[in-house]
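The values are calculated or read from the model by the stated rules, or taken from the named source; none is laboratory data. Small disclaimer: the values here were computed from a predicted structure and weren't measured. Here the Cβ positions follow ideal geometry from the backbone for every residue, glycine too, while neighbour counts run over all protein chains shown.
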């Protein structure tokens, strides 16, 4: 029938790869995640804009008594996070080529680095909280909220990868290949936002 | 309102509103301007109304005509021409709107707005500072010691720089017959021009929802002849009239001993509360409770002894006074001219 | 279209019936993923909230019937007008437009068998219902939000409103936003991917253009609201300082964020009404829409330009002159796409041969009120005039003409128009016309005098007014008008309710409609269409050749997609057939996930942070369970 596939019947890695090749347009699941990314990007955009709004309102930023943030470690961490886009991208390539093992391995690699990133970021977050508080100044409020929002998105990303890995234990299907593509788009977005967030966080020192 | 503009407004009102309009006047009416600024806005309104009425009647007319011609397709004379249809859409949907909107923009936002914006520094003769509080207006005359509440006096035909501030929530200072409204926002100082054409009494009201008694946060602006204004201001600057009769002396004692002095200031006594209005010359004011009730003996009594009945939710508690204490206190307050 | 199927066709119809059979009873409704059932759930829930908002309106008008009426105390009044605004915007007009009309009709109009994400569709409904109940629980506990639907700070801060009403508002609206965002994503993907092969974008009905535009607008407009509400809750519950001046915050940050959402929101409110109007007009004037591409473009432009004008709600705040001038200019630009649509509709009506049935009457009422509200809207772009009349009843008049007169009238007309399709019965035309005139007169009498009383100096949001300012008669008139309006609305509901039981039965296409849904039975079967429809223009029902081609396909069993719960997916622009999708059917996951999220929000309201975290973990598990079921296992 016009050579159109019933993609849901692709329940093996090879069949899924075939369905991927035959497909001309982005599947619904990928569109869905792209739009989710758009709305979350608008959310980040709003919080970032609020940071700059409060900053331009202020005579001193950070206010007196708070040191401008250290630059080196956050930048390095962000660099590491951004680099995880590479294994994530390669994982999607592998999944679309029915290479289940590679897909799993690459996703796991990305997950471990991202988890490491998050762990260090949480330590830095707690350290900052010991120095100044979101309950004292608007600077503190927007600083911790912006970082917290970003870290929450990283947590969600880790959970998505974890869920995906669990499903990939059972092999690839059309649904799971689309899942890998979707999670990948989510991570490209998180990594991109990480750059904007860290540059904003560090802006008083840059 | 000049005879000519009154005639015009009545004519338009009658035409358009079919008698529904209950006069354009009223103490707080934007259509009864008493300053150059308000008049410019009111005139702008009447021109916009005329243009809007023409557009509205035109469109409704087309729809009525569509009903009349419901049996036939296309246009009279032009028939079923798609080109004419699209041409109509382009003309009335794009070209005519563009021209009229540019005209409106230039007139309203480049010309009229110049007068209604905050006055340039140095272009005014005096300054009055109003601090909005839930739910009354604290009025200061910088450069003098005069402090009053809910009743503002300005000299007529004088450019007055009205400074609008607040420390609690957002309020809005609005005297429609003198100018547009200006919001009062914590952390910001806004300014507006008051320039009354002639002496008179102008009603104002808070125009930004500010809580329970937003409805009763009114005030009055008196534009006085310059001599009368100066006398008024000098009176307001003085400390309170010291009580001379035994009743009033007892009344002052009641005021200072009860909760009153914790919230109110009476200059010349030890009462220096800042929660409620300055009462040094309370009896000189024409209204009470934010222009909610007239300032006469009966209403003053009700306000002081049962404030929650007059303005439920306001911050003044009911006092527990004996009849003698109440009588003396009221006598004292009525003496504070 | 044959009303009695041949034996060959019947075999296919029976098979599709079996595959798509809806479960019966309460379980069936709780687990449904069918877009039509979800549309009906949205319809009844929104109507219930409409009734609540209507009662609130009548309470307001009764309190204002005379000065010092004493019907509502000041704090009760403040809760009532706040909930009236919140209910009408978030719990009525958006859910009924997008959730009811959109859900029911978009898949039918594009020739699909369901939405792109059927389970997420159900989730949107349960989240909406949950958010509405959440906010109303606050009201019934005597703790309703009371700082107005736009909830300005510092009034809404903990210092000035310590009671939890504001928390019900903030958390409830974030919760509501999740529902609407999910629905918007669903519509965009559905309209992009699930159009019948052959329905390229330029062959899509204008109704769908309106819904596509509205969904994109929501995706970008809701986040600023979410951010504003989150900052508010962080300030109130955790002592943060986004909005308080003393610690470097700014109350105007709330206003900017709120209106960056709030202005697009009003175009979001009106766009579906535009879509409904562009469906009803061609049918009842028996003529295609004039300047179709311009109208489609205008619908998209309205959504887009709406993002650039927000600070026209802040002209009295004291912003820099250059800022105010920019926003006034941008606000004037929006007039153009609105004007294009208005004159396209008027010209179409004029050059067609109109049948003045009830649905068209409501569209005519819509046009009249839209012009009136639009004209006063233009007046607000004159900055000094805005600064005189903002926060007065003049603005209350303006927005009720556009939100009620212009956004709701097409909804009422739409009820009448699609009633036969959804129920298979016709309503009573005479009563329909009467209900129109009552509603129209009631609307005019309630809201027109508000222009006058606003110019006479009456500010908005006050629980009473003095008797000596010339406002009394007009307020009295407005209140009488509101009772007439209420009667009109009750008559509409009564007409439809009685007709549901006793209306004359009708076939597929009682009106001679122009879009695809009129080719399906009334009501449509669960699978919508037995074959993939052939589409060569936006007026699919008026292309008789295509509809006959469909009948022949059914006979031959071609393109019936009856191997499972199937619907075609196409490319975005040209709708070339790309693959066949297997859609999920009944599932408990949406209801479970909605319940878990409701628990999260409740715990946040109560301040039980750890328990909220626990329920978030539950929600994550439900979400994982959701994705355990893959389409091939359906």
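So, in region B:196-211, exactly how many residues are assigned to a strand (DSSP E or B) and closer than 30 Å to residue B:314 by Cα?
So the answer is 7.
Tell me which residues, restricted to region C:197-216, are part of a loop (DSSP other than H, G, I, E, B) and modelled with pLDDT of 95 or more.
The answer is C:199, C:200, C:204, C:205.
Kindly indicate whether residue A:125 is free of Cβ contacts under 8 Å to residues at least 40 places away in the same chain, crowded, with 19+ Cβ neighbours inside 10 Å and either more than 14 Å from chain C (Cβ to nearest Cβ) or within 21 Å of residue C:238 (Cα to Cα) (or both).
no
Return yes or no: is residue C:187 assigned to a helix (DSSP H, G or I) and within 14 Å of chain A (Cβ to nearest Cβ)?
Yes.
Among the residues of region A:185-205, write down those that are surrounded by fewer than 20 Cβ atoms within 10 Å (Cβ to Cβ), touching a helix residue (DSSP H, G or I) at 6+ places or on another chain (Cβ under 7 Å) and closer than 22 Å to residue A:61 by Cα.
The answer is A:195, A:196, A:202.
Tell me which residues, restricted to region B:159-177, are more than 7 Å from chain C (Cβ to nearest Cβ), closer than 18 Å to residue C:386 by Cβ and in a loop (DSSP other than H, G, I, E, B).
B:175, B:177
Being surrounded by fewer than 19 Cβ atoms within 10 Å (Cβ to Cβ), at the interface with another protein chain (Cβ under 8 Å from one of its Cβ atoms) and in contact with a helix residue (DSSP H, G or I) (Cβ under 8 Å, 6 or more places away or on another chain) is the filter here; which residues of region A:6-22 pass it?
Within region A:6-22, A:9, A:11 meet the criteria.
Given (1) more than 10 Å from every other protein chain (Cβ to nearest Cβ); (2) closer than 30 Å to residue C:322 by Cα, identify the lone condition not met by residue B:154.
The one condition residue B:154 does not meet is (2).
If a residue must be outside any helix (DSSP H, G or I) and either more than 10 Å from chain B (Cβ to nearest Cβ) or touching a strand residue (DSSP E or B) at 6+ places or on another chain (Cβ under 8 Å) (or both), how many such residues does region C:369-407 contain?
2
Would you pick out the residues in region B:231-253 that are exposed (fewer than 15 other Cβ atoms within 10 Å of the Cβ) and part of a loop (DSSP other than H, G, I, E, B)?
Once the filter is applied, which keeps residues that are exposed (fewer than 15 other Cβ atoms within 10 Å of the Cβ) and part of a loop (DSSP other than H, G, I, E, B), region B:231-253 yields B:238, B:239, B:242, B:244, B:245.
For the subset of region C:1-33 comprising residues that are surrounded by fewer than 11 Cβ atoms within 10 Å (Cβ to Cβ) and closer than 28 Å to residue C:513 by Cβ, which member is modelled with the highest pLDDT?
C:4
Among (1) in contact with a helix residue (DSSP H, G or I) (Cβ under 9 Å, 6 or more places away or on another chain); (2) surrounded by 15 or more Cβ atoms within 10 Å (Cβ to Cβ); (3) under 30 Å from residue C:159 (Cβ atoms), where does residue B:219 come up short?
Of everything listed in (1) in contact with a helix residue (DSSP H, G or I) (Cβ under 9 Å, 6 or more places away or on another chain); (2) surrounded by 15 or more Cβ atoms within 10 Å (Cβ to Cβ); (3) under 30 Å from residue C:159 (Cβ atoms), residue B:219 misses just condition (1).
Do we have any residue at all in region B:112-134 that's out of contact with any strand residue (DSSP E or B) (no Cβ under 9 Å at 6 or more places or on another chain) and outside any helix (DSSP H, G or I)?
Looking through region B:112-134, at least one residue is out of contact with any strand residue (DSSP E or B) (no Cβ under 9 Å at 6 or more places or on another chain) and outside any helix (DSSP H, G or I).
Test each condition in (1) buried (at least 24 other Cβ atoms within 10 Å of the Cβ); (2) more than 14 Å from chain B (Cβ to nearest Cβ); (3) part of a helix (DSSP H, G or I); (4) touching a residue at least 60 places away in the same chain (Cβ under 8 Å) for residue C:113 and report the one that comes out false.
Status for residue C:113: all satisfied but (3).
Hey, can you tell me all the residues within region A:35-56 that are facing chain C (nearest Cβ under 9 Å) and either in contact (Cβ under 8 Å) with a residue 24 or more places away in the chain or touching a strand residue (DSSP E or B) at 6+ places or on another chain (Cβ under 7 Å) (or both)?
A:36, A:40, A:41, A:43, A:44, A:47, A:50, A:54
If you scan region C:12-36, which residues turn out to be farther than 18 Å from residue C:130 by Cα and either under 26 Å from the mean Cα position of the chain (by Cα) or not in a helix (DSSP H, G or I) (or both)?
C:20, C:21, C:22, C:23, C:24, C:28, C:34, C:35, C:36
Among the residues of region B:178-190, is there at least one that is under 26 Å from residue C:245 (Cβ atoms), in contact with a strand residue (DSSP E or B) (Cβ under 6 Å, 6 or more places away or on another chain) and more than 14 Å from chain C (Cβ to nearest Cβ)?
no
If I filter region C:37-76 down to residues being over 21 Å from residue C:447 (Cβ atoms) and within 14 Å of chain B (Cβ to nearest Cβ), which single residue comes out as surrounded by the most Cβ atoms within 10 Å (Cβ to Cβ)?
C:74
Every residue, every condition in (1) within 10 Å of chain B (Cβ to nearest Cβ); (2) over 30 Å from residue C:285 (Cβ atoms); (3) touching a residue at least 24 places away in the same chain (Cβ under 8 Å), yes or no:
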| position | (1), (2), (3) |
| --- | --- |
| C:310 | no, yes, yes |
| C:320 | no, yes, no |
| C:332 | yes, yes, yes |
| C:346 | yes, no, no |
| C:367 | yes, no, yes |
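When you look at residue A:173, is it closer than 25 Å to residue C:233 by Cα, within 12 Å of chain C (Cβ to nearest Cβ) and either in contact with a helix residue (DSSP H, G or I) (Cβ under 6 Å, 6 or more places away or on another chain) or in contact (Cβ under 8 Å) with a residue 60 or more places away in the chain (or both), yes or no?
Against the criterion (closer than 25 Å to residue C:233 by Cα, within 12 Å of chain C (Cβ to nearest Cβ) and either in contact with a helix residue (DSSP H, G or I) (Cβ under 6 Å, 6 or more places away or on another chain) or in contact (Cβ under 8 Å) with a residue 60 or more places away in the chain (or both)), residue A:173 does not qualify.
For region A:96-115, which residues satisfy the criterion of being within 27 Å of residue A:144 (Cβ to Cβ) and in contact with a helix residue (DSSP H, G or I) (Cβ under 8 Å, 6 or more places away or on another chain)?
A:110, A:111, A:113, A:114, A:115
Looking at region C:194-214, is at least one residue within 30 Å of residue C:252 (Cβ to Cβ) and away from chain B (no Cβ under 14 Å)?
yes
Restricting region A:140-170 to residues that are in contact (Cβ under 8 Å) with a residue 60 or more places away in the chain and at the interface with chain C (Cβ under 10 Å from one of its Cβ atoms), which is surrounded by the most Cβ atoms within 10 Å (Cβ to Cβ)?
In this case the residue turns out to be A:142.
Which residues, counting only those in region B:254-276, are more than 27 Å from residue B:217 (Cβ to Cβ) and surrounded by fewer than 16 Cβ atoms within 10 Å (Cβ to Cβ)?
B:256, B:257, B:268, B:270
Looking at this structure, is residue C:445 within 23 Å of residue B:217 (Cα to Cα) and in contact with a helix residue (DSSP H, G or I) (Cβ under 6 Å, 6 or more places away or on another chain)?
No; evaluated as a whole, the condition is false for this residue.
Looking for whichever is modelled with pLDDT of 95 or more, in contact with a strand residue (DSSP E or B) (Cβ under 7 Å, 6 or more places away or on another chain) and either within 28 Å of residue C:50 (Cα to Cα) or buried (at least 17 other Cβ atoms within 10 Å of the Cβ) (or both) here; the options are C:500, C:491, C:485, C:474. Which one fits?
Of C:500, C:491, C:485, C:474, the one residue that is modelled with pLDDT of 95 or more, in contact with a strand residue (DSSP E or B) (Cβ under 7 Å, 6 or more places away or on another chain) and either within 28 Å of residue C:50 (Cα to Cα) or buried (at least 17 other Cβ atoms within 10 Å of the Cβ) (or both) is C:500.
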